[in-house]
Amino acid sequence: MMSSIKLKWLIVLFALAAPLLHSTRGYCAQQRNVELIAMIGKDEVMGTFNEPAALFYDESKQRLYVADTVNNRLVSFDPGFTFLASLVHENFALPMGIVKLSTGEFFITDGEKAKVIFIDVKNKIIEPLNIRNVPPAAERFLAGRIAIGGDEHLYVIDRLNKRILVVDRNGNFLRSITARGREFYGFNDVRVDDRGFVYAVDTLAAKVYVFNDKGRLVSKFGGDGRLVFPVSVAVDSRGYVYVLDRHPGVIRIFDKTGRLQYDLLKKGYNPGELYNPSYIYIDAKDRIFTIDGNRVQVFKEKR
């Protein structure tokens with residue numbers, strides 16, 4: 001019988017996929033082209049993805065790692081995006097987020113245990129991360145997506161308390177990041193750039209928040225019809241903010257102040273299109289990775 005926590009996480013996933021009505025204003029955005037480099041979804045050895053929720057690209061090892069959520073596994077790929085291996089273990093289930101340290105260890109967020117899990121493959125250690133000295137909050141900690149900064153601090157969404165916890169690799173609490181206002185519903189995704197600036201998406205409010213390296217809000221944008229149902233965010237080497245907007249099936253690119261620059265991709269089921277996108281990631285080469293249903297697509301923008 002499915003546990004209540006697992007059921008709750010699956011309800012969250014399906015809720016994000018459900019249509020949401022927003023008022024929209026007309027606007028004009030230039031549409032630019034991208035090249036589809038790879039599409040990953042199924043393999044004779046790997047099998048088929050089942051609702052993957054997040055991914056991470058290791059620049060030093062040139063490995064792609066995908067959190068294949070409902071299959072309860074982590075999957076790795078080589079530089080040519082050929083399947084390498086999968087990791088399944090009784091100490092984690094429903095992986096919702098994944099990052100990797102420079103020393104090779106992983107942190108994932110576990111949708112069943114609602115915790116951050118530390119994974120040391122070399123030494124065969126898989127155990128919950130003990131996050132210490134977190135200020136009291138109204139609700140219990142429920143881990144959402146996770147990001148990592150250049151200083152290898154972890155940025156973990158605390159879903160029920162509508163905040164981002166910043167902790168070091170040992171689980172020591174450093175600070176929390178949140179927003180204020182009646183129209184703030186909580187964060188669905190988070191990313192950190194090379195300067196330590198934090199980018200977070202409030203899906204229900206259709207807004208993006210930008211915080212500096214001290215956690216102070218420096219800008220926010222959206223809520224005006226330019227975004228409909230943003231579910232994920234990434235930042236490229238120019239400092240442009242890429243927002244994955246699920247319902248229209250596009251990536252909308254803004255500068256840090258929220259000025260719309262242009263759009264990428266369009267709604268559709270064909271390769272190179274987006275029909276149910278949930279996650280975006282940009283690597284050091286500015287390649288764009290998207291999770292779209294049960295497939296991962298990799299793009300290179302034609303600038």
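Quick notes on this structure:
- When the chain is treated as a Gaussian network with alpha carbon springs shorter than 10 Å, the biggest mean-square fluctuation among VAL75, VAL167, VAL45 belongs to VAL45.
- Rg and Dmax, both from the Cα atoms of the range 42-173 and both in Å, are 14.6, 48.
- Among 122-133, 260-271, the peptide with the highest mean count of other Cβ atoms within 10 Å heads the list, and the full ranking is 260-271, 122-133.
- Extreme residue, positive dipole direction of the chain, given options TYR269, ILE251, PHE92 (C-beta unit charges): ILE251
- Label-point separation in nm, ASP151 to HIS89, each point 7 Å along Cα→Cβ: 2.8 nm
- Environment charge of TYR185, counting only residues whose C-beta is closer than 11 Å and scoring Lys/Arg +1, Asp/Glu -1: +2
- Among the GluC sites (Glu not before Pro) within the range 73-147, those in coil by DSSP and having at most 10 neighbouring Cβ atoms inside 10 Å are GLU90, GLU139.
- Applying both filters, DSSP loop and at most 15 other Cβ atoms within 10 Å, to the trypsin sites (Lys or Arg not before Pro) of the range 193-231 gives ARG195, LYS214, ARG216.
- GNM top mover of ASP43, ASP193, ASP168 - the chain, alpha-carbon springs below 10 Å: ASP43
- Compactness of the range 193-303 is given as radius of gyration and Dmax, 13.3, 42 Å, from Cα positions.
- Residues ARG238, ARG169 in ascending order of nearby Cβ atoms (within 10 Å, fewest first): ARG238, ARG169.
- Backbone N within the range 276-292 under 15 Å of label point (7 Å from ARG32 Cα along the Cβ vector): 282-283, 285-289
- Exceeding the 22 Å Cα-Cα cut-off - candidates LYS113/LYS214; LYS267/LYS302; LYS61/LYS122: LYS113/LYS214
- Reducing the range 39-92 and the range 124-149 to their Cα centroids gives an inter-centroid distance of 23 Å.
- Across the range 249-257, computed HN-Hα scalar couplings (Karplus, 6.51 cos²θ - 1.76 cosθ + 1.60, θ = phi - 60°) run x, 9, 10, 9, 10, 10, 7, 5, 8 Hz from first to last residue, x flagging Gly and Pro.
- For the chain, the relative contact order is 16 percent, taking Cα pairs closer than 8 Å that sit 6 or more residues apart in sequence and dividing their mean separation by the residue count.
- Normalised contact order of the range 76-177, rounded percent, pairs of Cα under 8 Å and 6 or more residues apart: 18 percent
- Couplings 3J(HN,Hα) for the range 158-171, derived from phi with the Karplus relation 6.51 cos²θ - 1.76 cosθ + 1.60 (θ = phi - 60°), are 9, 4, 5, 9, 6, 8, 10, 8, 9, 9, 7, 5, 8, x Hz, where x marks Gly and Pro.
- For ASN72, the amide hydrogen comes within under 5 Å of the amide hydrogens of LEU94, counting only partners 5 or more places away or on other chains and with H modelled in the peptide plane.
- Approximating the spin labels as points 7 Å out from Cα along Cα→Cβ, the GLU59-to-GLU127 distance works out to 3.1 nm.
- Under the combined filter of DSSP loop state and at most 10 neighbouring Cβ atoms within 10 Å, the range 207-257 retains none of its chymotrypsin sites (Phe, Trp or Tyr not before Pro).
Read the figures in this text as sums done on the coordinates, not as results from a lab. Source: prediction; values computed, not measured. Positions of Cβ are generated from backbone atoms using ideal geometry, with glycine treated the same way; all protein chains shown enter the neighbour counts.
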